[in-house]
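Have a look at the structure below, then the notes.
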Amino acid sequence: MHHLRIDSEDVHSPTFAGRSFEVDVPKFRIPAAGMSPRSAYELVHDELNLDGNPALNLASFVTTWMEPEADALAAETIAKNLIDQDEYPQTEAIHERVVSMIARLFHAPAHANPVGTATIGSSEAILLAMLAHKRSWQQRRRAAGADASRPNMVIGADVHTCWEKFARYFEVEARIAPMSEQRYTIGADQVQELIDESTIAVAGLLGTTFTGQMDDLAGINELLARVEREQGWRIPLHIDAASGGFILPFSRPDLEWDFRLSQVRSINVSNHKYGLVYPGMGTVVFRSAEDLPEELVFHINYLGGDMPNYSLNFSRPSSAVILQYYNFLRLGREGYERIVSTVLANAAALATAAAKIDGLEPVTDGTLLPVIALRASDPAELDLALLSRRLRERGWIVPAYTLPPDAEHIEVLRMVVKESFSRDMVDLLVADLRAAVRELRGAKHTVRRRARPHC
Ligand SMILES: Cc1ncc(COP(=O)(O)O)c(C=O)c1O
């Protein structure tokens, strides 16, 4: 969201010494006349050079590289609108296959009639899942003649912003379990204190945004199963597997975090993270069609045919879905296993080397998810925000931020290792990290030494 500069007369002055542009090009007004495709390309391309280099971006989980064949498919399918199911029936068939493959990967039971859809990302997937749980809860309450006006949901302070967005946009009370000095995830003990008969769902994370750790999903599941048996409260567990949903099935297939847990009614994943496709793709899967109230599904017929639709938006390019299909065929399970194992090995190498740097200590070691969080051994001596800025001077994008309440006094530096991050880059980053830490700690000492003579 931007404050719009509708009265600004800022211009791009003629560039390329007048070879391409003879007049100024306005920045906040549609130009009166156009320009050649080449000139427009150059202007936009050059402006974008000011962005960071995606290959050095360790801040984000999102895919920054795909194979040239995938790029070709992306270009071929960007003009096909995913919503036009009647016009592009094969695209829709592929959409159905992709979501089915994911539901199967997450052990959705076929007899329960699972349903799901591709979304723009995990945020949309989570909003859709929680909206369905809210509506189901309201229906159950009304059928029982009970008050349905004050729904709540239980989440840890370790959730991504999109969870709080759901609470605010869809008017559900967010009951937030705090973190503590040593614990940056939640378990059954924290959840138990907050649930009641008006809890529409509990969120469990397979990979927190802050540290990449996992909530105690089995423990929370057990609690919710017991509560259902003893109190009759049917509280769904939603798993936010935005970042872990394409890691754990390949790295630790025996770890039960998905529909194998009895109370898990819905799962989201960001395909544009470790599904290894470009930004613009997530998935939501419900254990059963019964978890998605029919009144929320729109049946659209004005593009021809009957198109059942559950989404927050309408038109979108089909390329992300096609790219996920490409990856599934291209890599197979074996390919994902190989990539995930290499990414985790690179993350472990980075964690081990970074932990040896004087002044830093690990918060997570990158063994569950390829996410490494480090804190300063002595925050008075090493400012991580400054360290992050120093690394940026070398091109690395490595954010520093504080953990959520009640651990907000802890600042961490987080690095997300992706497929495109090689072992060689691990070594280069560690060398830069070591040099920057040494320099910043040295600067602190120098400042202190200089300050002393005044006393
Ligand atoms: C745990 C978690 N949930 C949800 C999201 C939102 O995902 P998306 O960017 O796909 O909307 C993120 C993004 O980083 C995340 O880490």
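Could you go through the range 97-110 and let me know if any residue there is touching a residue at least 24 places away in the same chain (Cβ under 8 Å) and among the charged types (D, E, K, R). So that I can check it myself, show each step before the final result.
As a first pass, look at the range 97-110 and keep what is touching a residue at least 24 places away in the same chain (Cβ under 8 Å): 97-99, 101-103, 105-109.
Remaining after also requiring among the charged types (D, E, K, R): 97.
Scanning the range 97-110 turns up at least one residue that is touching a residue at least 24 places away in the same chain (Cβ under 8 Å) and among the charged types (D, E, K, R).
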Go through (1) within 16 Å of the ligand (Cβ to nearest atom); (2) surrounded by 22 or more Cβ atoms within 10 Å (Cβ to Cβ) one by one and return the number of the condition Ile200 breaks. (1)
Out of (1) within 16 Å of Ala177 (Cα to Cα); (2) within 16 Å of the ligand (Cβ to nearest atom), the one Gly207 does not meet is (1)
Residue under evaluation Ala33, criteria (1) among the aliphatic types (A, V, I, L, M); (2) under 30 Å from His160 (Cβ atoms); (3) part of a loop (DSSP other than H, G, I, E, B), criterion not met: (2)
Anything in the range 294-323 that is within 18 Å of Glu96 (Cβ to Cβ) and of a type in the set (A, V, I, L, M, F, W, C)? List them, or say none. Val297, Phe298, Ile300, Leu303, Met307, Ala320, Val321, Ile322, Leu323
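Wholly within the range 108-197, which helices (runs of 4 or more DSSP H) include no fewer than the required count, namely at least 2 residues that are within 16 Å of the ligand (Cβ to nearest atom)?
122-143, 161-169
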Matching entry among Glu9, Glu92 (being of a type in the set (Asp, Glu) and either modelled with pLDDT of 90 or more or part of a helix (DSSP H, G or I) (or both)): Glu92
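Are any of the residues in the range 218-238 under 18 Å from Cys162 (Cβ atoms), of a type in the set (Val, Ile, Thr) and within 16 Å of the ligand (Cβ to nearest atom)? Explain how you work it out, then say what you get.
Narrowing the range 218-238 to residues under 18 Å from Cys162 (Cβ atoms): 236-238.
In the following step, the residues that additionally are of a type in the set (Val, Ile, Thr) were identified as none.
No, every residue in the range 218-238 fails to be under 18 Å from Cys162 (Cβ atoms), of a type in the set (Val, Ile, Thr) and within 16 Å of the ligand (Cβ to nearest atom).
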Residues of the range 343-379 being in contact (Cβ under 8 Å) with a residue 24 or more places away in the chain and not hydrophobic (A, V, I, L, M, F, W, C), which ones? Asn346, Asp358, Gly359, Thr364, Gly366, Pro370, Arg375, Pro379
Failed item, numbered, when Gln213 is tested on (1) within 21 Å of Ile126 (Cβ to Cβ); (2) surrounded by fewer than 24 Cβ atoms within 10 Å (Cβ to Cβ); (3) out of contact with any Phe, Trp or Tyr (no Cβ under 7 Å at 6 or more places or on another chain): (3)
Any chance the range 133-147 includes a residue that's surrounded by fewer than 15 Cβ atoms within 10 Å (Cβ to Cβ), touching a Pro at 6+ places or on another chain (Cβ under 9 Å) and over 20 Å from Val269 (Cα atoms)? yes
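Quick grid of which residues meet (1) in contact with a strand residue (DSSP E or B) (Cβ under 9 Å, 6 or more places away or on another chain); (2) away from the ligand (no atom under 16 Å from the Cβ):
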residue	(1), (2)
Phe21	yes, yes
Met35	yes, yes
Val44	no, yes
Asn53	yes, yes
Thr63	no, no
Those residues of the range 214-257 which are assigned to a loop (DSSP other than H, G, I, E, B) and touching a strand residue (DSSP E or B) at 6+ places or on another chain (Cβ under 6 Å) amount to Asp215, Ile235, Pro236, Ala241, Ala242, Gly244, Gly245, Trp257
Considering only the range 288-301, I want to know if a residue exists there that is over 26 Å from the mean Cα position of the chain (by Cα), farther than 23 Å from Lys165 by Cα and of a type in the set (Gly, Ala, Ser). no
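If you take just the strands (runs of 3 or more DSSP E) that sit entirely in the range 261-306, which of them hold at least 2 residues that are hydrophobic (A, V, I, L, M, F, W, C) and at pLDDT below 95? Talk me through it step by step, then tell me what you get.
Numbers: elements: 264-270, 282-286, 298-300.
It comes to 298-300.
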Among the residues of the range 225-245, are any in contact with a Lys or Arg (Cβ under 7 Å, 6 or more places away or on another chain), farther than 23 Å from Glu197 by Cα and surrounded by 16 or more Cβ atoms within 10 Å (Cβ to Cβ)? yes
Does any residue in the range 276-299 that is in the same structural domain as Tyr310 (by TED's automatic domain parsing) come within less than 6 Å, Cβ to Cβ, of a residue that is more than 16 Å from the ligand (Cβ to nearest atom) and at pLDDT below 95 six or more places away or on a different chain, and which pairs are these? Val297/Pro308; Phe298/Asn309; His299/Asp306; His299/Pro308
Got a sec? Which of Pro178, Pro249 is within 24 Å of the chain's Cα centre (by Cα) and surrounded by fewer than 19 Cβ atoms within 10 Å (Cβ to Cβ)? Pro178
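The values are calculated or read from the model by the stated rules, or taken from the named source; none is laboratory data. Note that the structure is predicted; figures quoted are calculated from it, not measured. Because the Cβ atoms are built from the backbone with ideal geometry, glycine has one as well, and the counts that use them run over all protein chains shown.
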